[in-house]
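Here the structure is laid out as structure tokens; the discussion comes afterwards.
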Amino acid sequence: MSEIIWKIIFMCIWIGNGIIRMPHSKKYKKTEKIKSQKSSREKFLVFLVGIGTMIVPMIYVFTPWLSSFNMGLPNWVRWIGIIGFGFELIFFRWVHKTLGKNWSPILEIRKEHKLITEGPYKYVRHPMYTQIWIWVICQWLILSNWAIGIVGVLTWTILYIVRLPEEEKMMVEEFGEEWENYCKQTSKKIIPFIY
Ligand code: SAH
């Protein structure tokens, strides 16, 4: 299959993710927040993830600048990336729908914030972060390029490591015993039954 076809498939899935997120971004802007961790470190790390998961893949798709980093993965491996990315789309929609108005791109508590424990949140406490791991790995496989893989995985790993403990601390401060009971019931963070 020619490189252009992989790029077109990748772009279709990429746009699909954007379509799923769009209504939630609109609702997010309208919701009133009562606690917000808008630190410059958090903003910077989110910005870096944007570069790793959006800007670098777009540079690859629309310019020849990163082609020297091509890995030449066999087609079957790239197909695993497509299947994984297709699954990611369905999963992403499920997570967003379940989290509803409680979603935010940064660490925040909104007015009338509700602790969600059902749907994907029954199996892991951070399904949206599971989805981002699937995203960065699948785009690496589909586009078969070292630059995309390393920049995507590295920027997301940094944000994940910094954010997760802060988010869990914020949730325990906000929900107290309710959050602690939830952690007992749903003990895994991102991989059901494993981690
Ligand atoms: N870490 C979660 C949510 C990511 S969105 C996940 O991976 O699915 C980030 C926002 O979601 C945070 O600002 C926090 O307020 C909110 N949040 C995280 N877990 C939540 C839960 N179980 N119920 C409701 N809101 C939650």
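Might you tell me the accessible area per residue for the chain, computed with a 1.4 Å probe and given in Å²? Write out the running numbers ahead of the final one.
Details: 10650 Å² over 195 residues.
Accessible area per residue: 55 Å².
Can you give me the long-range amide H partners of Lys33? Hydrogens built in the peptide plane at 1.01 Å from N, cutoff under 5 Å, separation of 5 or more residues or another chain.
Result for Lys33 returns Lys111.
Could you list the GluC sites (Glu not before Pro) in the stretch 88-195 that lie in coil according to DSSP, counting only those with at most 11 other Cβ atoms within 10 Å of their Cβ? Provide the component values of the computation, followed by the final result.
Numbers: sites: Glu88, Glu108, Glu112, Glu118, Glu166, Glu167, Glu168, Glu173, Glu174, Glu177, Glu178, Glu180; in loops: Glu112, Glu118.
Of the GluC sites (Glu not before Pro), the ones in loops of the stretch 88-195 whose Cβ has at most 11 other Cβ atoms within 10 Å are Glu112, Glu118.
In a Debye calculation with equal point scatterers on the alpha-carbon sites of the chain and no solvent, what is log10 I(q)/I(0) at q = 0.08, 0.09, 0.11, 0.17 Å⁻¹?
Log10 I(q)/I(0), no solvent term: -0.29, -0.36, -0.54, -1.19.
What list of ³J(HN,Hα) couplings, whole Hz, do you get for the stretch 100-105 from phi and the Karplus terms 6.51, -1.76, 1.60, once you set θ to phi - 60° and write x for glycine and proline?
Rounded to whole hertz, the list is x, 6, 7, 6, 8, x.
Please give, to one decimal in nm, the separation of the simple spin-label points placed at Glu167 and Ile194, each 7 Å out from Cα toward the Cβ.
Placing both labels 7 Å along Cα→Cβ, they lie 1.8 nm apart.
Does anyone have the angle between helix 75-99 and the longest principal axis of the chain? Alpha-carbon axes, 0 to 90°, nearest 10?
On a 0 to 90 degree scale, this one is about 20.
Any idea how far apart Thr63 and Tyr123 come out in nm if each label point goes 7 Å out from Cα toward Cβ?
According to this spin-label approximation, the distance is 3.9 nm.
In this model, which of Lys29/Lys122; Lys7/Lys122; Lys7/Lys35; Lys27/Lys122; Lys7/Lys114 are farther than 31 Å apart at the alpha-carbon?
The pairs that break the limit, which is 31 Å between Cα atoms, are Lys7/Lys122; Lys7/Lys35; Lys7/Lys114.
Mark the label point 7 Å from the Cα of Ile158 along Cα→Cβ and return the residues of the stretch 56-71 whose backbone N is within less than 18 Å of it.
56-57
Which residues does the label zone of Leu115 cover in the stretch 170-195, counting backbone N under 18 Å from a point 7 Å along Cα→Cβ?
Only 170-190 fall inside the zone, counting backbone N under 18 Å.
Does anyone have the angle between helix 40-50 and the longest principal axis of the chain? Alpha-carbon axes, 0 to 90°, nearest 10?
Once rounded, the angle reads 40 degrees.
Using a 1.4 Å probe on the protein chains only, how many percent of the accessible area of the stretch 36-195 belongs to carbon and sulfur? Please list the in-between numbers first.
Working: 5680 of 8330 Å².
Roughly 68 percent, rounded to a whole number.
In whole Å, how far is the Cα centre of the stretch 173-195 from that of the stretch 56-71?
About 40 Å separates the Cα centre of the stretch 173-195 from the one of the stretch 56-71.
Once the Cα atoms of helix 146-175 and of the chain are each reduced to a long axis, what angle between those two axes, in degrees from 0 to 90 to the nearest 10, is obtained?
Helix 146-175 sits at roughly 10 degrees to that axis.
Quick one: longest stretch of the chain between exposed loop trypsin sites (Lys or Arg not before Pro), exposed meaning at most 15 other C-beta atoms within 10 Å and loop per DSSP?
Details: sites that count: Lys38, Lys111, Lys114, Lys188.
Longest run free of exposed loop sites: 115-187.
The values are calculated or read from the model by the stated rules, or taken from the named source; none is laboratory data. Computed from a predicted structure; not experimentally measured. As a convention, Cβ positions derive from the backbone with ideal geometry for all residues, glycine included, and neighbour counts pool all protein chains shown. For the accessible areas, the whole protein counts, side chains as well, though only heavy atoms, and no ligand, DNA or RNA atoms are used. Shrake-Rupley method; radii C 1.70, N 1.55, O 1.52, S 1.80 Å.
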